[in-house]
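Structure first, commentary second.
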Amino acid sequence: MNANYQLNNTTTKHMKNKIDRPKIFMDLVTDKYILTRIEDDKQIKASVIKFIEWNEDGTGKSSHDEPAVGRSIIADPVNGVIYKWMTTQITEIISENKFKTKNSTYTLHKI
């Protein structure tokens, strides 16, 4: 692996400008969900939605793909600490895509 790094470093070192350098293309993640807070119509677009299960002491226990009473909805979690949005715990599952939490009511739709 070190030899590849040196080769790439040497190759790009002798190129005259950034336009001539090899390009790296990434598949950018796109938004796949819209989480809407009913009370004020606030919308959170997210590429990943998870449902966090909590320990008795309030720390995160595990993440799930399915909702359940007691879990929080988390939008675009990165490492458990960074995220775009997180709800309070779900207190009622009204329908397949509608949830009541301790503070608000949300709908979750796939885009």
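Every number in this text was worked out from the coordinates using simple rules, so none of it is lab data. Bear in mind the structure is a predicted one, so any value in this text is a computation, not a measurement. Cβ coordinates were reconstructed from backbone atoms using ideal geometry, including for glycine residues, and neighbour counts include every protein chain displayed.
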By residue number, the members of the range 52-83 that are touching a residue at least 24 places away in the same chain (Cβ under 8 Å) and on the phi > 0 side of the Ramachandran plot are Asp76
Filtered residue count, the range 66-92, keeping only those that are aliphatic (A, V, I, L, M) and not in a loop (DSSP other than H, G, I, E, B): 5
Which members of the range 61-88 meet the condition of being touching a strand residue (DSSP E or B) at 6+ places or on another chain (Cβ under 6 Å) and β-branched (Val, Ile, Thr)? Val69, Ile73, Ile74, Thr87, Thr88
I'd like the residue in the range 71-111 that is surrounded by fewer than 13 Cβ atoms within 10 Å (Cβ to Cβ) and of a type in the set (S, T, N, Q) and, out of all such residues, is nearest to the chain's Cα centre (by Cα). Asn79
What's the total number of residues in the range 57-85 that are of a type in the set (A, V, I, L, M, F, W, C) and more than 14 Å from Tyr33 (Cα to Cα)? 5
